[in-house]
Amino acid sequence: MSSVSALLENRSLVSGGSGFLGSHLCDRLLEAGHDVLCVDNLFTGQKRNIAHLIGNPRFEFLRHDVTFPLFVEVDQIWNLACPASPIHYQHDPVQTTKTSVHGAINMLGLAKRLGAKILQASTSEVYGDPQVHPQTEDYWGHVNPIGPRSCYDEGKRCAETLFFDYHRQNQVRIKVIRIFNTYGPRMHPNDGRVVSNFIVQALKGEDLTIYGEGLQTRSFCYVDDLIDGMMRMMNSSDDVTGPINVGNPTEFTMIQLAETILGLTGSASRIVFLPIPQDDPRQRQPDITRARTTLGWEPKVQLEDGLKETISYFRRILGS
Ligand code: NAD
Ligand code: UDP
């Protein structure tokens, strides 16, 4: 990376950069004129997500596990490394907690040494199975500390603690966003999240698997909107630390989602009902007042439009 770009403070490190959100972020940062160092151990990330960036002189890929220290020179750190789907983060729960906690310590240590700004991709899971609806940032959450989702939820909560302690103790410039369910092209086809599952099942003519009665709700944000919110957060003034919810407040039941996907794909698949996983949150909807007022951000893409883009993507990759 050149000394000229160093003067512009636009050298970005994206941990988890070959994952779903990370690869879209790399694209947008390159478009905005950044030099991008994508750091990923490829646990859930896919090389095909960043294949189009290989050869770009402003893009570098480094295969590295963030639970180990890293010594590089950058101006901004975007800490996204962590498996995000329940089947992946439950595959090796100890490693999931280590990724959130040791990963945060290593990235915060790097930010402290460099005086770099650092953004944490936190999650609505810090609210657990919420008893306040919609969720505002001052709600402390309702999280099981010893269940199958705890490795992710508590790991992310501890990472937030570390971010705010590095800020108070070492004046590290932090930015914490709490991301609500996000979907779009480059989701892993086998990661078990509901949008990718239903689309892949519909396109293959398989049964759509609703867990429980399908009355649980989620609010789905299209990836382009999410990345826009993330970038606004990083570019906000230093006094804006967050946490700030970033998500789409329009709430749907899983039955509504399944029916919408069946309609958009024209699939003849049936809907089947399977047991609900333990500790599955019953409802989730972000209150985005803070994002609206502080960042001037709100999502623009309607669910049907975002689903159409996502369905086209899965048609392409399943076809090949
Ligand atoms: P993803 O699984 O596609 O991406 C995560 C990336 O992190 C992958 O590329 C993976 O290989 C990498 N990774 C995992 N462990 C690592 C380690 N120890 N060292 C280096 N790299 C590692 O998931 P995503 O949906 O892109 O999520 C990105 C971030 O956003 C995650 O931190 C997740 O918790 C957060 N988030 C996502 C959502 C969502 O709906 N997509 C919602 C809330 C929070
Ligand atoms: N879900 C479902 N069928 C699936 C996958 C998930 O009904 O094939 C449900 C799941 O039980 C949850 C919701 O969809 O209530 C969202 O699940 P996802 O794993 O996408 O995200 P999270 O639970 O982390 O919000």
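Provide the per-residue ³J(HN,Hα) series for region 88-96, in order, calculated from phi with Karplus coefficients 6.51, -1.76, 1.60 and θ = phi - 60°, each as a whole number of Hz, with x at glycine and proline positions.
Taking θ as phi minus 60°, the curve returns 6, 6, 8, 5, 9, x, 5, 5, 4 Hz for region 88-96.
Can you put TYR211, TYR313 in order of accessible area, largest first, using a 1.4 Å probe? Intermediate values should be presented prior to the final figure.
Values: TYR211 80, TYR313 20 Å².
Most to least solvent-accessible, the answer reads TYR211, TYR313.
Convert each backbone phi in region 292-297 into a coupling constant with the Karplus relation 6.51 cos²θ - 1.76 cosθ + 1.60 (shift: θ = phi - 60°), then list the ³J(HN,Hα) values in order as whole Hz, x for Gly and Pro.
Karplus-based 3J(HN,Hα) across region 292-297 equals 5, 7, 7, 10, x, 10 Hz.
Of all the C-alpha pairs in the chain, what % are more than 26 Å from each other?
On the way: 22651 of 51040 pairs.
Result for the distance tail: 44 percent.
Scale the Cα Rg of region 1-153 by the rule-of-thumb value 2.2 N^0.38 Å and send over the ratio, two decimals. Don't jump to the answer; show the numbers that get you there.
On the way: Rg = 16.4 Å, N = 153, 2.2 N^0.38 = 14.9 Å.
This ratio for region 1-153 stands at 1.10.
Rg and Dmax of region 141-216, Cα atoms, in Å?
Radius of gyration, then largest Cα-Cα span, for region 141-216: 17.6, 55 Å.
Rounded to a whole number, what % of the accessible area of region 152-208 do carbon and sulfur atoms account for, probe 1.4 Å? Spell out each step's value before the answer.
Values: 840 of 2030 Å².
Carbon and sulfur atoms account for 41 percent of the accessible area of region 152-208.
What percent antiparallel are the DSSP beta bridges of the chain, to the nearest 5? Can you show the working numbers first?
Details: 3 of 38 bridges.
Close to 10 percent.
Which order do ARG292, ARG173, ARG316 take by accessible area at a 1.4 Å probe, largest first?
On the way: ARG292 110, ARG173 65, ARG316 155 Å².
Ranked list, largest accessible area first: ARG316, ARG292, ARG173.
Probe 1.4 Å, all protein chains in place: accessible area of ILE276 in Å², nearest 10?
Result for ILE276: roughly 80 Å² accessible.
Around ILE276, which amide H atoms from residues at least 5 apart in sequence, or from another chain, sit under 5 Å from its own amide H, with H modelled in the peptide plane?
Residues meeting the criterion, in which the H sits 1.01 Å from N, are GLY212.
If amide H atoms are built 1.01 Å from N in the plane of the peptide, which residues on other chains or at least 5 residues away come under 5 Å of the amide H of GLY128?
HIS142
Using Cα pairs under 8 angstrom and six or more residues apart, how large is the relative contact order of the chain, in percent? Don't jump to the answer; show the numbers that get you there.
Working: 639 pairs, mean separation 53.7, N = 320.
Relative contact order comes out at 17 percent.
Sorted by accessible area (1.4 Å probe), largest first, how do TRP140, TRP297 line up? Could the numbers behind the result be given before it?
Working: TRP140 215, TRP297 5 Å².
Heavy-atom accessible area, descending, gives TRP140, TRP297.
Taking a probe of 1.4 Å, how large is the accessible area per residue of region 123-236, in Å²? Don't skip to the answer; put the middle values down first.
Values: 4200 Å² over 114 residues.
Ligands and nucleic acids excluded, the figure is 37 Å² per residue.
I'd like the distance separating the alpha-carbon centroids of region 196-251 and region 12-73, in whole Å.
Centre-to-centre (Cα) distance: 21 Å.
Going by average Cβ density within 10 Å per residue, which order do the peptides 73-85, 53-65, 196-208 take, highest to lowest? Present the calculation step by step, with values, prior to reporting the outcome.
Details: 73-85: 24.7, 53-65: 15.0, 196-208: 19.4.
By packing density, highest mean first, the sequence is 73-85, 196-208, 53-65.
Can you list residues from other chains, or at least 5 along the same chain, whose modelled amide H is less than 5 Å from the amide H of LEU13?
LEU37, ASP75, GLN76, ILE77, TRP78
For the chain, set up a GNM with springs between Cα atoms under 10 Å and report which of GLY212, GLY103, GLY184 has the largest fluctuation.
Result: GLY212 has the largest fluctuation of those listed.
Quick one: accessible surface of HIS88, probe radius 1.4 Å, all protein chains present, in square angstrom to the nearest 10.
40 Å²
If you take all C-alpha pairs in region 47-86, what percent of them are over 17 Å apart? Can you show the working numbers first?
Details: 371 of 780 pairs.
For region 47-86, the fraction of Cα-Cα distances above 17 Å is 48 percent.
Can you list the HN-Hα couplings for region 254-271, worked out from phi with the Karplus curve (6.51, -1.76, 1.60; θ = phi - 60°), rounded to whole Hz and with x for Gly and Pro?
Rounded to whole hertz, the list is 5, 5, 4, 4, 4, 5, 4, 5, 4, x, 6, 8, x, 7, 9, 4, 9, 9.
Work out how far the C-alpha atoms of region 179-320 reach from end to end along every principal axis, then list the three figures in whole Å, largest first.
Sorted largest first, the three principal extents are 51, 35, 22 Å.
Let me know the charge dipole size of region 39-182 about its Cα centre in debye, to the nearest 20, where only the beta-carbon of Lys, Arg (+1) and Asp, Glu (-1) is charged.
Values: 15 positive and 14 negative charges, 78 e Å.
Here region 39-182 has a charge dipole of around 380 debye.
Which Cα, out of GLY205, ALA51, ILE227, lies furthest along the positive dipole direction of the chain (beta carbon charges, K/R +1, D/E -1)?
ALA51
The values are calculated or read from the model by the stated rules, or taken from the named source; none is laboratory data. This structure is a prediction, so every number in the text was calculated from the model and none was measured. In this analysis, Cβ positions are derived from the backbone assuming ideal geometry, glycine residues included, and neighbour counts consider all displayed protein chains. Just so you know, the surface numbers come from the protein's heavy atoms only, side chains and all, with ligands and any DNA or RNA stripped out. Shrake-Rupley method; radii C 1.70, N 1.55, O 1.52, S 1.80 Å.
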